[in-house]
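The values are calculated or read from the model by the stated rules, or taken from the named source; none is laboratory data. All of these numbers come straight from a predicted model, not from anything done at the bench. Ideal geometry is used to build each Cβ from the backbone, glycine not excepted, and the neighbour counts take in all protein chains shown. We work out accessible area using only protein heavy atoms, side chains counted, and drop any ligands, DNA or RNA first. Shrake-Rupley method; radii C 1.70, N 1.55, O 1.52, S 1.80 Å.
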2 protein chains.
Amino acid sequence: MNVQVRPARPEDYEAIVAVVDDWWGRPMAGMLPRLFLDHFHATSLIAERDGELLGFLIGFHSASAPHRAYIHFVGVAPAARGTGLARRMYETFFEASIQDGCTTVSAITSPMNTASVAFHKALGFTVTGPVPDYDGPGVDRIVFERQLA
Amino acid sequence: MNVQVRPARPEDYEAIVAVVDDWWGRPMAGMLPRLFLDHFHATSLIAERDGELLGFLIGFHSASAPHRAYIHFVGVAPAARGTGLARRMYETFFEASIQDGCTTVSAITSPMNTASVAFHKALGFTVTGPVPDYDGPGVDRIVFERQLA
């Protein structure tokens, strides 16, 4: 597949938010307010072929926790799954994070997302949890962490 | 009131997320995942008296949009409302943002939040909207913006 991966732009928000609920099969748009594209687009990534959105990675380099990169949200279109696209976006994000001085990268997921746990393990992340009440009362999360340097 | 306003720390998350639904009178914790405290605590503020949480401001200086500061979430305990505490936290955030080179600050709110619109107008913000679908399909938002320098 001739898929391009490029830095995101603020105006990519519309295309992303239009597909997230479909790609996940459950309501997810609430976790992705526009602020992430407006203020962290330079560290986020878009995967596309002929202008068609095939994937995205929303991430940033922490402002307050020196040397930590964080991946907030990653999605791949159902038709593009199993092609290594998520891994390619992660590796692109890792490289840019290292160049910016980051030494660790973290991410979280819902305990129900076993595919995400397997994916992060395969990429060398440690897996912690489920951590009870991680994102508020009753909102348990699995925490992933990986060294970069 | 002898209220202290200080920079936030990551561990303030638990106290904040425990009260937000109460303070708003509707479910809000979903808009405040832990990542905001972990990665933007240095630009966020806590108001407290004798260790009791009376208010908080979650904000950051944009990583990708130079010179823009953003206020994501602000809350004041019902018992502390009408005391000027929100204004004091905003002004503290403005000063720190200016020192960090920011020239504008923005925020958003739900169209139902008329108190927020009045508050931001009083602080000199321009008011735009409701902007349809601002944060995804069917999620309209009012947008506030203010010059800092």
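A few notes on this one:
- Kirkwood hydrodynamic radius of the protein assembly as shown, from inverse mean 1/r over distinct Cα pairs, in Å: 20.1 Å
- Amide N of the stretch A:124-145 lying under 13 Å from the label point, which is placed 7 angstrom from the Cα of B:Glu14 along Cα→Cβ: A:132-137
- Segment A:Arg49-A:Thr104, extension gain: residue separation times 0.36 nm, minus the distance between their alpha carbons: 16.8 nm
- For A:Val131, label point 7 Å along C-beta direction: distances to other copies, nm: 3.2
- Taking the convex hull of the alpha carbon positions in the stretch B:80-149 and averaging its projected area over all directions gives 5.2 nm².
- With the label put 7 angstrom out from Cα along the Cα-to-Cβ vector, A:Asp21 ends up 2.2 nm from the copy partners, going from closest to farthest.
- Label point of B:Arg81 (7 Å along Cα→beta-carbon): distances to the other copies' equivalent points are 4.5 nm, sorted ascending.
- Computed over the stretch B:5-129, Kirkwood Rh from alpha-carbon pairs, angstrom: 14.9 Å
- For the segment B:27-37, counting C-beta atoms of other chains within 10 Å of every residue's C-beta and taking the mean gives 4.
- Per-residue SASA entry for A:Thr126, accessible area with 1.4 Å probe, Å² rounded to 10: 80 Å²
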